Each structure stands twice: as structure tokens, then as C-alpha cells.
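Chemist: Starting off with a structure, shown below.
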Amino acid sequence: MEITAFLFVSLNIRIDAFVLGDIHGTSHIGGIAGVSQAAAIRDTYVGGTVDGKRLTGGLVGYMMGHHGSLNIVKNAHNGDSVHGSALPDIGGHQK
């Protein structure tokens, strides 16, 4: 299964997920979310290749916060591989 999608997670949403399949895109690509703001990603597993050009991460492509917000990643794993072509943005970005 291949998934091509952009997911923006925000406002204290908690994600518990099990994702299998390859994810492809250009920018803001992640196994769970392309962009995350003030989210708790817990008890999550991604079992597929994540492939993007920039802002690409195994779980989240771009994790951003603002004063008073909290981003949490706990017990979350990518069991496959992450590929990208625009260094240093591979592995995701946190602001």
C-alpha cells in the first residue's frame, strides 16, 4: 500500500497509531504527520518507507511550537527507512 497525503496535527490531539505502507511526497512528509503543533504522539509505530525531498521525518516532517505549547513524542518508532534529498531537512525539523 502506498499513501500520498499531507496531515497537519494540532491543538493537543493525542495520536495512537499503527501505520503500515510506504509514504511518498515532496515536502513536510512524516510517517504519522507532515506537520505537528502542540500534539502528543504516543504508542505509535510506522512500518513503511517514508520518502520526501525536504522536511521529511520517520514520524513527523515538521514539528512546530509556540509559547506555551508542548509537543510530545513518546514510545513512537519507525521500523523501516526514511529517504530524502534535501539535507539537512531529513530526520524532520523542530521549531
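The values are calculated or read from the model by the stated rules, or taken from the named source; none is laboratory data. The shown structure was predicted, so the numbers you read here are calculated from the model rather than taken from an experiment. Cβ sites come from the backbone with ideal geometry, for glycine too, and all protein chains shown count toward neighbours.
Chemist: Among the residues in the range 59-69, are any without any contact (Cβ under 8 Å) to a residue 40 or more places away in the chain, outside any strand (DSSP E or B), buried (at least 20 other Cβ atoms within 10 Å of the Cβ) and within 11 Å of the chain's Cα centre (by Cα)?
Modeler: The answer is yes; a qualifying residue exists.
Chemist: When the residues of the range 16-41 are narrowed to those that are in contact with an Asp or Glu (Cβ under 8 Å, 6 or more places away or on another chain) and closer than 20 Å to residue 84 by Cα, which ends up surrounded by the fewest Cβ atoms within 10 Å (Cβ to Cβ)?
Modeler: Only one residue fits best here, namely 21.
Chemist: Given the conditions (1) farther than 15 Å from residue 16 by Cβ; (2) touching a strand residue (DSSP E or B) at 6+ places or on another chain (Cβ under 7 Å); (3) at pLDDT below 80, and given that residue 39 satisfies all but one, which numbered condition is not satisfied?
Modeler: For residue 39, the failing item is (1).
Chemist: Oh, and also: For residue 44, are the conditions met, namely being under 17 Å from residue 77 (Cβ atoms), in contact with a strand residue (DSSP E or B) (Cβ under 8 Å, 6 or more places away or on another chain) and surrounded by 19 or more Cβ atoms within 10 Å (Cβ to Cβ)?
Modeler: Yes; evaluated as a whole, the condition is true for this residue.
Chemist: So for the range 43-57 (the condition being touching a Gly at 6+ places or on another chain (Cβ under 9 Å), modelled with pLDDT of 75 or more and over 13 Å from residue 82 (Cβ atoms)), does at least one residue qualify?
Modeler: Checked the range 43-57: at least one residue is touching a Gly at 6+ places or on another chain (Cβ under 9 Å), modelled with pLDDT of 75 or more and over 13 Å from residue 82 (Cβ atoms).
Chemist: Modelled with pLDDT under 85, buried (at least 17 other Cβ atoms within 10 Å of the Cβ) and under 14 Å from residue 16 (Cα atoms), is that true of residue 73?
Modeler: yes
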